[in-house]
Amino acid sequence: MFQSFVFEEPSSIITAISVIIFLYLAYLGISEIAGKHLQYSKFWNVNTNSGSSHSSNFMQGKLSSKIGMFMLYAPACLMGFASFLMYPDGGTRFMLLKSAVTIHFLKRVLEVLFIHKYSGGMILGSALLISSSYFMLAAVMIYIQHLTLGYMEPEVDLKFIGLLIFLVGISGNFYHHYLLSKLRGSKEKGYKIPQGGLFSMVICPHYLFEIICFIGISFISQTSFSFCCAVGVALYLSGRSYVTRKWYLSKFENFPKNVKALIPFVF
C-alpha cells in the first residue's frame, strides 16, 4: 500500500540513506529525553565539560543566539536557492518541492534577523551539527527528487494536498514564533509562560507546525527519503517538546498542568 504513495527507489543506496537519516533523527529525539540536549535556546549551557580536550573546547565555544540561529538555517536556504540554478527544469512537483524547501528556510532566516528576541547563547558544536543536518536534508531531498524525474508517478498524487499542508504549517509556525517574540521587551532576557494561539493547549505549538511543514513537504515530494525526514523530525521535536515542558514545570510554579508538550489533549 505504501508503494502507491511513493516513487520507486532510484537505488538501494538511497534506501539506506533514508533509513540512516530516520535513525539519526530518532536518536536525537531520544537523546533529548535522556538529558543530552542540543545546546540552544533554554538548554544552551547544558552538557558542558570543563575537562575536555582542545578540540572539544573549540566545539564548546559560545556564539550569540542570533549568529548561531543564522548559522542553522542560512546554508540550507542557500542550497534551496542554488537548486533552481542546478536543476532549472523538472515539472510541477519538482518546482513545488524546491520552492517549499527554499521558502521554509528563508522564512527561518528572516525570523532570525527580524522577529526573534534572544537570551543566552548557543554552543558552536550544536550550531554546526544542526546546520549541517538541515543542509543535508535540503540537498539530499532535492537531489533524490531530481533522480526520480522520468520515473512513473505514484498512483496517489499528494503534491497539491502537500502544498496546502505546508502552507498551514509554515503559517502556524510563523504566527507562534511571532507570539514568542512579543513576550519580551527589547531589553528583557528572562523567560515567561507563552500566551495566545495554541499556547493555551501545548507549550510548543511552533514545533507542532514545524512538523506539519515537513509533512507537507513529504507529501509534495512523495519519496521515501522525504517521508523518513518528516517522521524523523517529528520524533526529534517530540523529544525536544517533552523536555521543554519539563523545563517550564520546573521553573514556573503556576505553569498550567493541562498544557501538553506538543499535541493538544494527547502529549
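The values are calculated or read from the model by the stated rules, or taken from the named source; none is laboratory data. A quick note: this is a predicted structure, and the numbers were derived from the prediction, not measured. No Cβ is skipped: glycine too gets one built from the backbone with ideal geometry, and neighbour counts run over all protein chains shown. The protein model used for the area step is the full one, side chains on, heavy atoms only, and it has no ligands, DNA or RNA in it. Shrake-Rupley method; radii C 1.70, N 1.55, O 1.52, S 1.80 Å.
Descriptive notes on the structure:
- Among the residues listed as F214, F174, F265, the single one being out of contact with any Lys or Arg (no Cβ under 7 Å at 6 or more places or on another chain), aromatic (F, W, Y), surrounded by fewer than 22 Cβ atoms within 10 Å (Cβ to Cβ) and at pLDDT 95 or above: F265
- Which numbered condition M136 misses (of (1) buried (at least 16 other Cβ atoms within 10 Å of the Cβ); (2) touching a Cys at 6+ places or on another chain (Cβ under 9 Å); (3) within 30 Å of M86 (Cβ to Cβ)): (2)
- Residue tally, condition farther than 17 Å from I17 by Cα and surrounded by 24 or more Cβ atoms within 10 Å (Cβ to Cβ), over the stretch 220-235: 1
- Enumeration of residues in the stretch 80-122 that are within 18 Å of L137 (Cβ to Cβ) and open to solvent by 50 Å² or more (accessible area, probe 1.4 Å): F81, F84, M86, I103, L106
Conditions tested, residue by residue: (1) under 25 Å from H116 (Cβ atoms); (2) at pLDDT below 95; (3) outside any helix (DSSP H, G or I); (4) of a type outside the set (A, V, I, L, M, F, W, C).
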{"site": "T48", "(1), (2), (3), (4)": "yes, yes, yes, yes"}
{"site": "L63", "(1), (2), (3), (4)": "yes, yes, yes, no"}
{"site": "Y73", "(1), (2), (3), (4)": "yes, no, no, yes"}
{"site": "C77", "(1), (2), (3), (4)": "yes, no, no, no"}
{"site": "S83", "(1), (2), (3), (4)": "no, no, no, yes"}
{"site": "D89", "(1), (2), (3), (4)": "no, yes, yes, yes"}
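- Test: residue in the stretch 158-168 that is open to solvent by 70 Å² or more (accessible area, probe 1.4 Å), touching a Ser or Thr at 6+ places or on another chain (Cβ under 6 Å) and either part of a helix (DSSP H, G or I) or under 30 Å from G91 (Cβ atoms) (or both): no
- Taken as a whole, the stretch 190-203 holds at least one residue that is outside any helix (DSSP H, G or I), under 18 Å from the mean Cα position of the chain (by Cα) and within 27 Å of F265 (Cβ to Cβ).
- Of the residues examined, E153 is not one that is under 20 Å from N254 (Cβ atoms), among the acidic types (D, E), loosely packed, with under 13 Cβ neighbours inside 10 Å and modelled with pLDDT under 95.
- Between R245, R184, the distinction of being at pLDDT below 95, in contact with a Phe, Trp or Tyr (Cβ under 9 Å, 6 or more places away or on another chain) and open to solvent by 10 Å² or more (accessible area, probe 1.4 Å) belongs to R184 only.
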